[in-house]
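Below: one structure, written as structure tokens.
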Amino acid sequence: PLRVFAYDSSSTGVSHAWYVNDVLFSTVQNPIFLFTNTGTTDSTVSIKLVISASSGCQDSIVDSVVVYPQPVGSFSLPTNICETDSIPITASSSVAGSSFQWFSASSGVFIYNVNSPNTLVDFPPNQTGFDSTYTIGLAVSANGCTDTLYNNITISSRPIARFNLPPAECGPTII
């Protein structure tokens, strides 16, 4: 939400009427406005101050403020995978023209194209015998507004294939 502090510097000894988009909002001298834009495009809000003297004389002034939409980002990961070369990830945003920033605090994770909505992620090899969970984060920004989100992915431990053969024997031999 956008918080706007209105400071009235009008003549003293007057009453105040503050209007937001032509609807009376407040009669205090210095109100605080809180605007939220849940849409996907910019929204312009009109603020009007009408002052009235005890004589009945009035004056008014109108100004406006642009309220940018809060971007809402999204991306998904498979929840559990076996170790692979790279995992492709695609992000989206509710606001056109958004910028993207991928990140991970997990060591060994490599993210290609960290500023692109489409990226690849490499995870470290896992032959530990235990599954490893990694967190991938994304910050989606537009007009100074940011949405940050996180998703987890579990990389299953890769089994290790082994067998033994005798070095050499006279045949026939059963292995």
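Here is how the numbers come out for the structure above:
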read-out	value
Near pairs, Cβ below 8 angstrom, 6+ apart or cross-chain, from the stretch 155-170 (without any contact (Cβ under 8 Å) to a residue 24 or more places away in the chain) to any residue that is open to solvent by 100 Å² or more (accessible area, probe 1.4 Å) and not in a strand (DSSP E or B)	L165/I175; P166/I175
Residue check, T12 exposed (fewer than 13 other Cβ atoms within 10 Å of the Cβ) and free of Cβ contacts under 8 Å to residues at least 24 places away in the same chain	yes
Listing of strands (runs of 3 or more DSSP E) fully contained in the stretch 1-73 that carry 2 or more residues being among the aromatic types (F, W, Y) and at negative phi	14-20, 32-35
Test: residue in the stretch 114-133 that is among the aliphatic types (A, V, I, L, M) and not in a strand (DSSP E or B)	yes
Restricting the stretch 42-77 to residues that are within 30 Å of L120 (Cβ to Cβ) and open to solvent by 30 Å² or more (accessible area, probe 1.4 Å), the residue that is modelled with the highest pLDDT	S74
Residues of the stretch 113-129 that turn out to be under 13 Å from I87 (Cα atoms), surrounded by fewer than 18 Cβ atoms within 10 Å (Cβ to Cβ) and in contact with an Asp or Glu (Cβ under 8 Å, 6 or more places away or on another chain), as a count	1
Pairs, first basic (K, R) and modelled with pLDDT of 95 or more in the stretch 97-118, second open to solvent by less than 30 Å² (accessible area, probe 1.4 Å) and part of a loop (DSSP other than H, G, I, E, B), C-beta under 6 Å, six or more apart	none
Count - residues of the stretch 133-170 that are surrounded by fewer than 14 Cβ atoms within 10 Å (Cβ to Cβ) and β-branched (V, I, T)	3
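The values are calculated or read from the model by the stated rules, or taken from the named source; none is laboratory data. All values reported here derive from a predicted model rather than from experimental measurement. Ideal geometry is used to build each Cβ from the backbone, glycine not excepted, and the neighbour counts take in all protein chains shown. Side chains included, ligands, DNA and RNA excluded: accessible areas come from the protein's heavy atoms. Shrake-Rupley method; radii C 1.70, N 1.55, O 1.52, S 1.80 Å.
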